[in-house]
1. Can you name the condition, by its number, that residue 24 falls short on among (1) more than 13 Å from the chain's Cα centre (by Cα); (2) modelled with pLDDT of 95 or more; (3) closer than 30 Å to residue 154 by Cα?
2. Could you please find all residues in region 81-106 being in contact with a Phe, Trp or Tyr (Cβ under 9 Å, 6 or more places away or on another chain) and surrounded by 15 or more Cβ atoms within 10 Å (Cβ to Cβ)?
3. Working only within region 1-49, note down all residues that are farther than 16 Å from residue 149 by Cβ and among the polar types (S, T, N, Q).
4. Could you say whether any residue in region 128-140 is modelled with pLDDT of 95 or more and more than 25 Å from residue 17 (Cα to Cα)?
5. Just the residues that are closer than 15 Å to residue 85 by Cβ and either of a type in the set (A, V, I, L, M, F, W, C) or surrounded by 18 or more Cβ atoms within 10 Å (Cβ to Cβ) (or both), please, taken from region 107-118.
6. When residues of region 58-108 are filtered for being within 26 Å of residue 164 (Cα to Cα) and at pLDDT 90 or above, how many remain?
Amino acid sequence: MLHALMTHELIDSYTGETQVISGELWISRDKYKIRADRQVVLVDGEISMVYNERQNKLIISEYEPEEDDFAPSRFFSDTDELFRVDEINTEGDQTEIVLRPDDPFEIFTEVFIRLNADLTPDEIRAIDQMENHLITRFAEAHYMDYSAAVFVLEYPENAEIIDLRK
């Protein structure tokens, strides 16, 4: 399981606007959890849960990968099913892997993963079908033993729960 501090940018190709989110991230094979801006997002491959602390509201929905603007776990697991490695470039102690999809309908048309010498990610850049750019930079990234407890979403008992799976 990977743990890191991260900064995620979404650059809209049409408007030129940039959205930036900074926070803490945990990634395992088929799950990820992000804590950022008084909000926690937990995705387990089947269900998406978003807890907004300001509103004290939890939204639960079925996970739709094609609607996920931020799916780092898909680049670190099962990529052989979604992408092919087109290039591997090494510069200094970093390696950049360029991925391209086999499926023309895949949401991302190109993905660039830059890894440090210890194989922790430094940056992921992805370009989607609409030519939006998604850039995630990692700091203090390190691998740790898997812990199911990390992928439990904690929220107050009095939180409003909106379950969209019904």
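1. Of everything listed in (1) more than 13 Å from the chain's Cα centre (by Cα); (2) modelled with pLDDT of 95 or more; (3) closer than 30 Å to residue 154 by Cα, residue 24 misses just condition (1).
2. Passing the criteria: 82, 83, 96, 97, 98, 99, 101, 106.
3. Passing the criteria: 7, 13, 15, 18, 19, 22, 39, 48.
4. Scanning region 128-140 turns up at least one residue that is modelled with pLDDT of 95 or more and more than 25 Å from residue 17 (Cα to Cα).
5. 108, 111, 112, 113, 115
6. Of the residues in region 58-108, 5 are within 26 Å of residue 164 (Cα to Cα) and at pLDDT 90 or above.
The values are calculated or read from the model by the stated rules, or taken from the named source; none is laboratory data. Here the structure is a predicted model, which is why all the values come from computation and not from measurement. Note: ideal-geometry Cβ built from the backbone for every residue, glycine included; neighbour counts use all protein chains shown.
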